[in-house]
Amino acid sequence: MSKAIAITLAIASGLLALMDYYVTDPIIDALGSGLAEGVVILAAFGLLVGVLNLLAVHAKRAAVGDQDRVLSAVLAIALLAALGIAVALPGSATLGWLFRHIYYPLEATLGALLAFFVIGAAYRAFRIRSVEAAILLASTLLTLVVQLPVIGTLVPYLAALRVWLYAVPVTAGVRGILLGVALGTILTSLRVLLAVDIPYATD
């Protein structure tokens, strides 16, 4: 019985949210806005649960003397300090300093580390002896070369080539990826609306 109720509520909520985009009616608009606000509230609670779980895991590691207890303690203290500053002084210069001098450098460091993983993945991909691997290698090297300021200064027409690369092949590839994501999202939504997939309901 509870499974049938959960399926009915999920289908009704999905259809109502879908109708809100195509039907102009005050009642449907109000119900759709209420559902959207509910999603935001659920996401906020999910974030809160994630933060509490993170604190609990690392506090336990720091308390039992795990080999990474110092790092766990630093993470927990930094998280609590950042949350305290954000709650006590929202939009303040202190919070801006925290993002500008701690968060952004850490983000840049993570991006720099990802470059090594990209190089490793490219090396494994280019070792494949096929026409597709050769095309991938040539397009990657061409894209990297036209990005260099020195090359653009020495060979002026490479600037126009870079614009063409981003406007035609890269844009076409991005559009293909977005179309695939959109079709996958539509298919998943239809499966949920038709009760083919019911991950939210258990026996």
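The values are calculated or read from the model by the stated rules, or taken from the named source; none is laboratory data. The structure presented is a predicted model; accordingly, all values stated were derived computationally and were not measured. Positions of Cβ are generated from backbone atoms using ideal geometry, with glycine treated the same way; all protein chains shown enter the neighbour counts. Side chains included, ligands, DNA and RNA excluded: accessible areas come from the protein's heavy atoms. Shrake-Rupley method; radii C 1.70, N 1.55, O 1.52, S 1.80 Å.
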Checklist entry - Gap in Å between the Cα centre of segment 1-60 and the Cα centre of segment 91-108? => result 32 Å
Checklist entry - Once the piece of chain linking Thr171 and Met19 is laid out straight, how much longer is it, given 0.36 nm per residue of separation minus the C-alpha distance between them? => result 51.6 nm
Next on the checklist: Given a Förster distance of 41 Å, report the FRET efficiency between Arg69 and Leu190 from their Cβ-Cβ distance, rounded to the nearest 0.05.
Outcome noted: 0.25
Checklist entry - log₁₀ I(q)/I(0) of segment 70-150 at q = 0.15 Å⁻¹, via Debye over equal Cα point scatterers, no solvent, to two decimals? => result -0.73
Checklist outcome for this item: Using alpha carbon positions and the Kirkwood radius, the Rg to Rh ratio of segment 11-131 is 1.17
Item to check | Convex hull volume per residue for the chain, taking Cα atoms only, in Å³ | outcome: 294 Å³
Checklist entry - When the accessible area of the chain is split by element with a 1.4 Å probe, what percent falls to carbon and sulfur? => result 75 percent
Item to check | Rounded D (µm²/s) - segment 73-113, Kirkwood Rh over Cα pairs, Stokes-Einstein at 10 °C, 1.306 mPa s | outcome: 146 µm²/s
Item to check | the chain, accessible area per residue, ligands and nucleic acids excluded (1.4 Å, Å²) | outcome: 77 Å²
Checklist entry - Which of the DSSP-defined H helices in the chain satisfy a minimum axial length of 18 Å, computed from C-alpha atoms, and a minimum mean Kyte-Doolittle hydropathy of 0.0? => result 2-22, 26-64, 69-88, 104-126, 131-147, 171-193
Checklist entry - So how do 11-17, 47-53 stack up, highest first, on mean other-Cβ count within 10 Å? => result 11-17, 47-53
